[in-house]
1. If I filter segment 207-217 for residues that are closer than 18 Å to T94 by Cβ and modelled with pLDDT of 95 or more, do I get at least one hit?
2. If you take the residues of segment 199-235 that are under 25 Å from H276 (Cα atoms) and acidic (D, E), which of them is farthest from the chain's Cα centre (by Cα)?
3. Between a residue in segment 303-319 that is farther than 16 Å from I134 by Cβ and any residue that is in a strand (DSSP E or B) and among the basic types (K, R), which pairs come within a Cβ distance under 8 Å, given they are 6 or more apart or on different chains?
4. Go through V247, V215 for me and flag whichever is of a type in the set (A, V, I, L, M), farther than 30 Å from L60 by Cβ and touching a strand residue (DSSP E or B) at 6+ places or on another chain (Cβ under 9 Å).
5. Tell me which residues, restricted to segment 229-261, are at pLDDT below 90 and buried (at least 17 other Cβ atoms within 10 Å of the Cβ).
6. Conditions: (1) of a type in the set (K, R); (2) surrounded by 20 or more Cβ atoms within 10 Å (Cβ to Cβ); (3) without any contact (Cβ under 8 Å) to a residue 40 or more places away in the chain. R290 meets all but one. Number of the miss?
7. Specify the residue that is farthest from L153 (Cα to Cα); the eligible residues are those in segment 201-255 that are of a type in the set (D, E, K, R) and touching a residue at least 40 places away in the same chain (Cβ under 8 Å).
8. Among the listed residues A80, A105, identify the single one that is under 20 Å from the mean Cα position of the chain (by Cα), small (G, A, S) and not in a strand (DSSP E or B).
Amino acid sequence: MMRLLSGTLMVAGAAIVALAANSAFQPAEAPYEFRMSHASPDALPDLKPPGVELAQLERLEWKTPGARTAVATAIVMRDADGRLVPLDWQNAVTEPVFFSDMCAAETSKVLTAIREHVPSDAVVLSWWDLSRRIRSVAQRQAPLDDPLARGLLTPAAWSSGDFASDRQRTLWGAGVPVGDGDVFAKFIDALLLDEERGAAVLTEISGGKTAYVAVHLSDISKAAAVRPDIVSIAYRDFPSAGHSHSVMKTVRQWMQEEKIEGAYAVEPMGNALRLHYLLRKSNSDLLLTRLLPFSTSNPLRLDHLQLVYQHKGYWIYKLGPAKA
């Protein structure tokens, strides 16, 4: 069954919850159950950056009313301004619950690389949640944030009346100055321009400092949630069992049968392979698409950004003309 990301996620079934900003389970009339509790300092053994104290760790848990097991759990910390910083995120259902899966070990590797290779006087431009991790853990300048918490992957089943999504944006946007939203909106717009114009806007946002751009494959879904009039993306899961060649043959055959002409990217998901595909062929020319491993992209051959690091779904570039 096709899953569509264009403003919201189309979610199968009723096993979906939404978030409320308090520490107790919500009453029965609420469309979700959410609990926040203190987490042990050892809750993230794979995330132990040298010289960084992961203080005020908290565990978040979401359930459907009456369900025994959680559909999503997360470990977060509070930054110096009291903002929530997601560090580990595990979805127990196939659809993302606010964020895509986030492995602490992968997060640690990427943040360590940023801390080791990005100069302290440089800035890293990235989506607001990654920016918070870079500031708090990698201890590098990542100025972007968003009081509206744009890009949360809120399932459509929770969005009626905007009750769930409003609670989410309030919780995750708490503590962010209103003015930061204008700059973050400019960042989103830059990612959805062509490479030349987008890079020019990113250079302007960086304020003349040496700048890097960090993106994750999930950012294309976040952008679709924010700007459905510009970019639309869908996904479909294919059983994998480790046989990548045969799976890709099945994927291409399915795309041909469905007459899908947009660019695509593949992502391993346990025993499945997730196919992310653009619904508009013209979206292949967007800067964000070109920064990510889509079938029409070549991250090593960009004119205005240089690829400096890649790990799993993370891609990090230095902003500036490519070296001759």
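1. First, the residues of segment 207-217 that are closer than 18 Å to T94 by Cβ: 217.
Now drop any that are not modelled with pLDDT of 95 or more, which leaves 217.
Yes; the residues of segment 207-217 include at least one that is closer than 18 Å to T94 by Cβ and modelled with pLDDT of 95 or more.
2. D229
3. Qualifying pairs under 8 Å: L305/K318; Q306/K318.
4. Values: V215 fails: farther than 30 Å from L60 by Cβ.
Selected residue: V247, the only one of V247, V215 that is of a type in the set (A, V, I, L, M), farther than 30 Å from L60 by Cβ and touching a strand residue (DSSP E or B) at 6+ places or on another chain (Cβ under 9 Å).
5. Across segment 229-261, the qualifying residues are S240, V247.
6. (3)
7. Step one: filter segment 201-255 for residues of a type in the set (D, E, K, R), giving 204, 209, 219, 222, 227, 229, 236-237, 249, 252.
Filter again for touching a residue at least 40 places away in the same chain (Cβ under 8 Å), leaving 209, 219, 222, 236-237.
Working: K209: 32, D219: 10, K222: 7, R236: 16, D237: 18 Å.
Looking at the filtered set, the residue picked out is K209.
8. On the way: A80 fails: under 20 Å from the mean Cα position of the chain (by Cα).
Being under 20 Å from the mean Cα position of the chain (by Cα), small (G, A, S) and not in a strand (DSSP E or B) holds for just one of A80, A105, which is A105.
The values are calculated or read from the model by the stated rules, or taken from the named source; none is laboratory data. None of these values were measured; they are calculated from a predicted model. Counting neighbours? That spans all protein chains shown, and the Cβs are built from the backbone with ideal geometry, glycine included.
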